[in-house]
Structure formats: structure tokens, C-alpha cells
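Novice: Here it is: the structure, laid out below.
Please treat every number below as a calculation from the coordinates, not as lab data. This one's a predicted model, so the numbers in the text were calculated from it and none came from an experiment. Every residue, glycine as well, gets a Cβ built from its backbone with ideal geometry; the counts of neighbours run over all protein chains shown.
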Amino acid sequence: MKAVERDADDPLALYREQFDLPEKVIYLDGNSLGALPKTVAAVLSRTIEQEWGVDLIRSWNQHDWINLPTQVGEKLAPVLGAATGQVICTDSTSVNLFKLMAAAIQFQKPRKVVMSQRDNFPTDLYMAQGLQDLAGTGRIEHKTVAADQIVDALDEQVALLHLTQVNFRDGQVHDIKALTRRAHDVGALVLWDLSHSAGVLPLQLDDWEVDLAVGCGYKYLNGGPGAPAYLFVRRDLQAQLHQPLAGWMGHQTPFSFDPNYVPAGGMQRFLAGTPSVLAMKALDTALDIYQGLDVQLIRDKSKRLTQFFVDLTTDIPGIMLASPSDPDVRGSQVSLQHPAAYSVMQALIERGVIGDFREPDLMRFGFAPLYNSFSEVQEAAEQLREIIQTGFYQEPRFQVRQQVT
Ligand SMILES: *Cc1c(COP(=O)(O)O)cnc(C)c1O
């Protein structure tokens, strides 16, 4: 089927109108920074001019700023397959990982093994390493194994298994349900990082009996650069977990200014400080797009988009597919290997096809089914072919490394 026919046949095609995207740009990096929803700018200027500028401190009550973390968490919960009262929006993914890992380890004493996958996203590994250093010798043992060793490595020493559902490099998808069950069989808790999943993969955190989860607001959820992250804690665990960043917003009664910390009931105890109101309003507004939208439709289109791109690119000389060839275990991205991947990506970006580069030799293309079309996929694939076949990427300007790749 041709690209235009696929577009005509696309039940999500109309969603593109909800985003501001520059003309002549094919944006295949929504897995790193989601596009700007058209509604966000107006909400932010109203928040700045009226709520901040005029209503000032009164806005914490009048405009309910104080409940934004809960409100945004509740809006996100259906996208994660979580019932009410289990998701809150706060901090960054890194900080949320720290809070939940620390709480889980404390809860699981005397177990001390925290297990992950060797090529998990670095921040996930670093936060565990930092926690291990903080805890002191012998208290926490952070262990990492290859993806295919996870099941075998699970034993009754493991306090917590923390994994990312979609691998950031190659897009390989883990089976959350199966791995969660295996972890529970040995008495371990699970912490899933959903940064590359939420908004593109159908999630059923409740049905899969997931204990803990975190994820980013700025990727497929389109919350804007550095958008606040979220965390999920299974309802019956909430009262038993104590996170160490005991800030006043996590206190039972922040405005009693009690000198002693008493954690709030429910999800509030996972907050630390004051919410970043402007950033959270952007995410709150962006999430409206997901209201009433069936994530399965997004997943179906995502698989077709990635497969179309794979079909059009993997015969290009020098290109190797680094992502799984089976779309069922591939996230909403395609990673292609090429010896000059960095330069080829720079050449693509100059031509308006924006993806990114990951060390040592991967070009990463993210497909956001709410705004990417099959015609764009085709155009991107043609540009890639031409840039490689003509050697255009060898021009000196494409060899200079930038700080963010
Ligand atoms: C993007 C991403 C993060 C980012 O964490 P921040 O604290 O927001 O910088 C963390 N984990 C994974 C798996 C990611 O993909």
C-alpha cells in the first residue's frame, strides 16, 4: 500500500491538527521531546498573566495550584491502566526513581539486592548506584544482568527489580506482566520505568499487579522540555512505604508547620517540594489530548509506522536494523546502525528530518502516531537513502559533535 493510501486510512490522522509543528520538518524525535500541543501556549499565558500576574499567591487556592500534582496524576492514570489514587505528578524521573527505590529497599529489609538490566537507561542505574553509596558498605547490592538473564537471576535475595519497559537504545519491549509475576514469585517488588511507553503502549498497571512505576512527562506525553515526571504506587503499598525525601509537601498537614515530619496518607507522601506550576500546567493541558483516546489505536498505528520505515530503509547499503524486527516487541522507535551514524543524522537534520543519535553508531527515529504520517515516513526514508548513496553526510560540517546528540 502506498503512503498516501495508508494516510487516508488512518483513524488518527486528524490528531495532527492538535499540534504546532513547523512546516518542512519531519519530526521523528517525539520519543525525546514531544511536539507542542496547540492549546498549551494559551493556557501558559493565562497562567502567567492572570494567575501569577494578578491573582498572585491567592492562586494556590483560587486556581487550585496546590492540587496540580494530584490532578495531573489522575488525568494520567487511565493512560497507565491505573485506578484512581495511585498516580501523582512530581519531580523528575531520576528523582522519582531515587524516592521509590529507597522506599522499596527499606520495606524489603533484610533483602539487599537491587537488580536491573545492564543496558537500562543510565540515569536508572546511576540513581541506584548513588543510593548504594549513600547506604554504606554492604547495605545495598546493585546487580545488573543482560536482558536475557533477568529471569534466571531472580532469587529470594532480590528486594527490587527495576527495569525500563522500552529500551532507549534499540526499542526492545519487555513483558511487564510476565516479569512482574516472576519477581513476585520470589518475593521481590518491581519498579517499572515507563518513560518510552506511556502514551504509545497500552498499559495495565493494575491488571499486571505492578508495584511501582515512574516515567517522563516530556516524551510521548508532550508535556514540554523538562516537564515534571510522574510516579505510581500500588494502593495497598502506599501506607507502608516511606520515601526519604521527606519534604513539606509530603507532610500530612504542610500548613501546620509541624517541626516533625508525619507523612501524608495516599500518594501525597511521595511529594517533596512545591510543584513547578508553569511546567505542570503545560503537561496538564497536553494530557487533554489523551482523554477518551484508546491507546490501542495509537499502538496499532505505531507498529505500522515503524514497520513501514523498516521496510523502506533496511536495504540501504551500510544500514543495519538495531531494533527488533518483530513489531510486537518493538517500541515506537526504530534504531538503525551505520558506521557514520552521527554524520548521517546531522545531514538528515539539515534536510529537515529530525531524529537523534546514540553512541556508538545508532540513528534513532521515534514515531509519534498522533502527529506522524506515513507520507512523512516515506519522505524520511528517501532522504536517508539519498544522503547515504551520494555520500552527502561526509561534508565536514556534519562531523562536528554537538553537546546534545
Ligand atoms: C528519558 C528517560 C529518563 C529521563 O529522566 P529525567 O530525570 O527526566 O532526566 C529516565 N529514564 C528513562 C528510561 C528515560 O527514557
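Novice: Cα centroid distance between segment 354-386 and segment 60-84, in Å?
Specialist: 33 Å
Novice: Taking a cut-off of 21 Å between Cα atoms, list the lysines near Lys303, but don't count ones fewer than 8 places away on the same chain.
Specialist: Lys2, Lys177, Lys219
Novice: I would also like to ask the following. Can you tell me the order of 76-82, 244-250, 149-155 when each peptide is scored by its average per-residue count of other Cβ atoms within 10 angstrom, highest first?
Specialist: Put in order of decreasing packing, that is 76-82, 244-250, 149-155.
Novice: Another one. Considering the chain as a Gaussian network with a 10 Å cut-off on Cα pairs, which listed residue, Gly318, Gly85, Gly34, attains the greatest mean-square fluctuation?
Specialist: The residue with the greatest mean-square fluctuation here is Gly318.
Novice: How tilted is helix 93-107 with respect to the longest principal axis of the chain? Cα atoms for both, answer in degrees (0 to 90, nearest 10).
Specialist: That helix lies at roughly 40 degrees to the long axis.
Novice: Place +1 on the Cβ of every Lys and Arg and -1 on the Cβ of every Asp and Glu in the chain, take the dipole about the Cα centre, and give the residue among His162, Leu201, Ser373 whose Cα lies farthest towards its positive end.
Specialist: Among His162, Leu201, Ser373, the one farthest towards the positive end of the dipole of the chain is His162.
Novice: If the convex hull of the alpha-carbon atoms of the chain is projected onto planes in all directions, what is the mean projected area in square nanometres?
Specialist: About 21.1 nm², averaged over all directions.
Novice: For segment 193-218 and segment 279-334, what is the separation of their C-alpha centers, rounded to whole Å?
Specialist: 15 Å
Novice: Let me ask something else. Enter the angle in degrees (range 0 to 90, nearest 10) between the Cα long axis of helix 277-286 and the first principal axis of the Cα atoms of the chain, meaning the one along which they spread out most.
Specialist: 50 degrees
Novice: So, R0 is 22 Å and r is the distance between the beta-carbons of Leu278 and Ala246; what FRET efficiency does that work out to, to 0.05?
Specialist: FRET efficiency, Leu278 to Ala246: 0.30.
Novice: Here's something else I'd like to know. Suppose we keep just the DSSP beta bridges with both residues in the chain; what percent of those would be antiparallel, to 5?
Specialist: So the antiparallel bridges amount to about 55 percent of the total.
Novice: Which residue fluctuates the most in the chain, going by a Gaussian network model with Cα springs under 10 Å, if the choices are Leu163, Leu28, Leu44?
Specialist: Leu44
Novice: Across all directions of projection, what mean area in square nanometres is found for the Cα convex hull of segment 291-405?
Specialist: Average projection, Cα convex hull of segment 291-405: 7.6 nm².
Novice: Can I ask one more? Compute the acute angle (0 to 90°) between the alpha-carbon long axis of helix 176-185 and the principal axis of greatest extent of the alpha-carbon atoms of the chain; round to the nearest 10°.
Specialist: For 176-185 against the chain, the angle is about 40 degrees.
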